[in-house]
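Each remark here refers to the structure printed beneath this line.
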Amino acid sequence: MLLPRGPLGAFVCLAALAGCRARAPLPRDAVAPDVRRPDDVAPAARAAAEPPLNLRWSPDGRWILVDQRWVLWPESGETKPFACGPEGAEIDCRVPVVAIAPDSKRVLVVDGDHFAVGPPNGPLGPAVRIPSWLSGGVDPSTFGFWLDARRVLVQQYERHGDTPAQCRIYELDRRRWQRAAACVRPDLENVWRIDGGPDGWIAIHAGGEGVQSVLLARYDPATGQRDAPLGVDPEPPGAAFASFGKTGSVDLVSPCRLGQKHGPCPEAPEAPWNLYSASLTDGTLTLRRSDLPAGAVPDPRGGRFAWPAGRAVCLGEPSQPPTITCHPL
């Protein structure tokens, strides 16, 4: 159900997928493609993974970040390990906060008291140290996201505490910090991802106390955050994912019936998912279809979806098998 924005925002569990477009130039050391039809993928690969792969499209659709461990170029099926840390560094790529630049050319990787920026196929640039801005010797938790192609916002907060959050803007070209007049205000304390949309809209992915959330809001570091006038509340442990489409709307994909209060969710993990469109202006929610594969997320251009199939990534129109190709990893 779409509700007026309340103090707690919109609570949802997240399936980390997003859609996009186009063809990318291929890195010289990419893995040879292995493109198959759905029936060619082994049954073990078609079975639901536990946990499922985390898929994120670049804004321009040239590549997909898979489980924060690989980069997939969907038009060719080429894959390459994700450069989540400096060469030789032993980093669990699934732990750091990763944000994709609006122009899709770089990624921001925030890991504790430092961050780095570089192309998705590596290498990342030099690590930038993040000073501690919290008072009282608090050990901060940190997240970051892109304001535009040249600036990132980094925010520190105290988990399980009352210390006010602090944030700064880092200018990549000038290599300097600037104060932000107002910080992001998430629904829950553990922010692990922020995706940018048009006209200052952001989707804040967070969790806490066994619950996960996505909050749709408009944010400007000079004027602060204004929450969207809507929220969805699937029944736990339901899932939902928001992806920005055209200005003034957002796509919501979920196995739950979001048009109902505390939208009921099927127990079977392979149950079909639903696609909704929601207006960021008046909160209107429209159910568009209810036959998507589990975890399917639309390409913002329309016409196809991406979804996990065990240890493979499938793309196409689910209702038209001849259009589907699956890329084993």
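Here are the numbers:
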| quantity | calculated |
| --- | --- |
| Meets criteria (surrounded by fewer than 22 Cβ atoms within 10 Å (Cβ to Cβ) and either at pLDDT 90 or above or among the basic types (Lys, Arg) (or both)) for Gly122 | no |
| Selection status of Trp273, closer than 18 Å to Arg56 by Cα and either touching a Ser or Thr at 6+ places or on another chain (Cβ under 6 Å) or at pLDDT 85 or above (or both) | yes |
| Any chance Arg159 is among the charged types (D, E, K, R), surrounded by fewer than 16 Cβ atoms within 10 Å (Cβ to Cβ) and closer than 19 Å to Ala206 by Cα | yes |
| Qualifying residue in the stretch 231-240 (condition: at negative phi and at pLDDT 80 or above) | no |
| Matching residues, the stretch 269-314, being assigned to a loop (DSSP other than H, G, I, E, B), in contact with a strand residue (DSSP E or B) (Cβ under 7 Å, 6 or more places away or on another chain) and among the small types (Gly, Ala, Ser) | Ala294, Gly295, Ala296, Ala309 |
| The lone exception for Arg288 - which of (1) at pLDDT 85 or above; (2) touching a Cys at 6+ places or on another chain (Cβ under 7 Å) it fails | (2) |
| Residue count for the stretch 108-145, restricted to those that are in contact with a His (Cβ under 7 Å, 6 or more places away or on another chain) and either farther than 19 Å from Trp192 by Cα or in a strand (DSSP E or B) (or both) | 3 |
| Filtered residues of the stretch 164-189 (kept if farther than 22 Å from Ala203 by Cα and buried (at least 16 other Cβ atoms within 10 Å of the Cβ)) | Leu172 |
| Qualifying residue in the stretch 256-264 (condition: at pLDDT 80 or above, assigned to a strand (DSSP E or B) and either surrounded by fewer than 21 Cβ atoms within 10 Å (Cβ to Cβ) or among the small types (Gly, Ala, Ser) (or both)) | no |
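The values are calculated or read from the model by the stated rules, or taken from the named source; none is laboratory data. Quick caveat: nothing in here was measured; it's all calculated off a predicted structure. Please note: Cβ atoms are built from the backbone with ideal geometry, for glycine as well, and neighbour counts cover all protein chains shown.
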